[in-house]
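Let me begin by presenting the structure, written as structure tokens, before commenting on it.
What follows is calculated from the coordinates using simple rules that are stated; it is not laboratory data. Remember, predicted model here, so these are calculated numbers, not experimental data. Backbone-built Cβ (ideal geometry, glycine too); neighbour counts: all protein chains shown.
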Amino acid sequence: MVALLKLKVWPAFLILGASAYISVLLAIFKVLHLPIPFEEYTSAGLDIWSGLGSIVGLVWIYTIVTQLNKRRNDDDKVSLTAFNISFVGIVVVMILVVWESMDTELQPAAAVFLYSFAFIFHVYTNYLAAKLMVQAENRDDVGMTLLTFIFLPIGIWFLQPRINRIFEDQFESIDPNTPLDHQLDQQRPG
């Protein structure tokens, strides 16, 4: 999971953004009744792509929060109980939405209920990530950082360089243009 924090901007953007853009594109095609490539796999493909994008994004945020909290002093650490509950809540809502959409159409009241909880959990996890990140940098712009977390994958362009700077003393960023054997030689002791 820590490997997600080592990435430069472009690979992070592609990993976190590709599935989101593909799922949005499939949804637009479906709403506009346009011919969709591989139409027989569309509903399952849409669920898989959006689920994959959400899972990768959640793992990225979870890694940021846990790693930033580890770097804090013992008396200054944040309790991650509410964060873990929110994180599990998001995953449960994702599973319920996918499971419900496989069987029947989601009822409007259930959809509002599930998406409201997902929204609250999502905002809280992003708020905690933004708060810990701003504190690690000794800045005071939690609001702007929160907005960049909420508007992923566009926010990657602003967040990933800051994450690389915060953790540069802990590990070197992986440069995708460097051959793998060279990166492995640098990591070996002695």
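If R₀ is 22 angstrom, what is the calculated FRET efficiency for the pair V59 and V92, using the beta carbon separation as r and rounding to 0.05?
It comes to 0.85.
May I ask you to derive the FRET efficiency for I120 and D74 from their Cβ-Cβ distance with R0 = 22 Å, giving the value to the nearest 0.05?
E(calc), rounded to 0.05, equals 0.15.
Could you tell me the calculated FRET efficiency between L14 and R165, based on Cβ-Cβ distance and R0 = 25 angstrom, to the nearest 0.05?
The formula returns an efficiency of 0.75 here.
Starting from the Cα-Cα distance between V112 and A82, subtract it from 0.36 nm times their residue separation and give me the gain in nm to one decimal.
Using 0.36 nm per residue and subtracting the Cα-Cα distance, I get 8.6 nm.
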